[in-house]
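The values are calculated or read from the model by the stated rules, or taken from the named source; none is laboratory data. The structure displayed is predicted, hence computed values, not measured ones. All Cβ positions, even for glycine, are placed from backbone atoms using ideal geometry, and neighbour counts span all protein chains on display.
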Amino acid sequence: MNLIIAIDGPAAAGKGTLARRLAAHFGLPHLDTGLLYRATGRRVLDAGGAPADPLVAEAAARALTAADLARDDLRGPAADAAATQVAAVPGVRAALLEFQRSFGGGRGAVLDGRDIGTVVFPAAAAKLFVTASVAARGRRRWLELTARGEAADLAEVIEQVRRRDAQDRSRAAAPLVPAADALLLDTTTLDAAATFTRALELLGTRVNA
Ligand code: DC
């Protein structure tokens with residue numbers, strides 16, 4: 001069985017936690033595809049380049065190695081902004097497509113991102129579009145930051161989430177939209193455990209487990 005579970009949605013909707021739980025449940029490998037864009041952006045910043053420069057960004061995506069994905073500086077405001085910029089470059093998306101497809105091509109996988117169900121695996125049987133209100137997602141991001149000891153202003157973090165949503169949704173290359181056959185899961189009032197339970201209920205119609 002080659003089961004692909006495609007999980008898409010905006011930032012801080014709970015995709016990552018859900019993807020890890022589903023991967024453990026179904027015994028599948030998991031790929032957080034946002035890391036590919038973050039690592040690409042980080043390479044460009046390291047070289048002193050501009051993440052929005054298409055040639056520089058595509059070259060960085062083509063040069064990615066496994067070590068880049070394991071870096072510990074892929075989160076934070078600079079990495080967020082660079083990732084969002086390189087993700088809008090069509091050449092970057094093309095360069096990262098093959099890696100994502102081969103990751104899922106063997107015995108199946110859980111992948112989370114923005115375009116897994118629409119572009120990377122449009123034929124996946126199991127697609128979830130995970131979302132939550134901007135206020136709920138901003139609050140979660142803020143709690144993560146403060147738990148790490150970083151000073152953060154709640155209103156400012158909510159505004160950053162709103163801005164990244166707008167950029168991801170309005171870009172020409174693979175904009176963030178639910179696939180027509182995606183199952184919608186709104187996590188505004190759900191914690192991680194309730195989100196997982198609901199996801200299994202929804203997937204029950206698509207996955208024989
Ligand atoms: O999920 P994340 O915050 O780690 O994603 C970082 C950036 O990469 C964000 O701007 C969305 C973009 N992205 C994308 O365009 N396509 C994906 N499959 C995953 C992430």
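Residues checked against (1) in a helix (DSSP H, G or I); (2) within 14 Å of the chain's Cα centre (by Cα); (3) more than 12 Å from the ligand (Cβ to nearest atom):
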{"position": "Val92", "(1), (2), (3)": "yes, no, no"}
{"position": "Leu96", "(1), (2), (3)": "yes, yes, no"}
{"position": "Asp112", "(1), (2), (3)": "no, yes, no"}
{"position": "Val119", "(1), (2), (3)": "yes, yes, no"}
{"position": "Phe129", "(1), (2), (3)": "no, yes, yes"}
{"position": "Ala135", "(1), (2), (3)": "yes, no, yes"}
{"position": "Arg140", "(1), (2), (3)": "yes, no, yes"}
{"position": "Thr146", "(1), (2), (3)": "yes, no, yes"}
Residue that is nearest to Gly91 (Cα to Cα) [pool: residues in segment 160-179 that are within 11 Å of the ligand (Cβ to nearest atom) and in a loop (DSSP other than H, G, I, E, B)]: Ala173
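Looking at segment 1-32, which of its residues are under 18 Å from Arg101 (Cα atoms) and surrounded by fewer than 24 Cβ atoms within 10 Å (Cβ to Cβ)?
Pass one, segment 1-32, residues under 18 Å from Arg101 (Cα atoms): 1-8, 19, 23, 28-32.
Across segment 1-32, the qualifying residues are Met1, Asn2, Leu3, Ile4, Ala23, Leu28, Pro29, His30, Leu31, Asp32.
Within segment 178-185, is there a residue that is in contact with a Ser or Thr (Cβ under 6 Å, 6 or more places away or on another chain), in contact (Cβ under 8 Å) with a residue 60 or more places away in the chain, on the phi < 0 side of the Ramachandran plot and surrounded by 14 or more Cβ atoms within 10 Å (Cβ to Cβ)? I'd like the intermediate steps shown before the answer.
Filtering segment 178-185 for residues in contact with a Ser or Thr (Cβ under 6 Å, 6 or more places away or on another chain) gives 179.
Keeping just the survivors that are in contact (Cβ under 8 Å) with a residue 60 or more places away in the chain gives 179.
Those still in the list that are on the phi < 0 side of the Ramachandran plot too: 179.
From what's left, surrounded by 14 or more Cβ atoms within 10 Å (Cβ to Cβ): 179.
Yes, that holds for at least one residue.
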Conditions (1) surrounded by fewer than 21 Cβ atoms within 10 Å (Cβ to Cβ); (2) without any contact (Cβ under 8 Å) to a residue 40 or more places away in the chain: number failed by Val157: (1)
Glu58, sole failed condition from (1) part of a helix (DSSP H, G or I); (2) within 17 Å of the chain's Cα centre (by Cα); (3) touching a residue at least 24 places away in the same chain (Cβ under 8 Å); (4) surrounded by fewer than 22 Cβ atoms within 10 Å (Cβ to Cβ): (2)
The listed residue being part of a helix (DSSP H, G or I), among the hydrophobic types (A, V, I, L, M, F, W, C) and either within 16 Å of the ligand (Cβ to nearest atom) or modelled with pLDDT under 95 (or both), out of Ala81, Ala52: Ala81
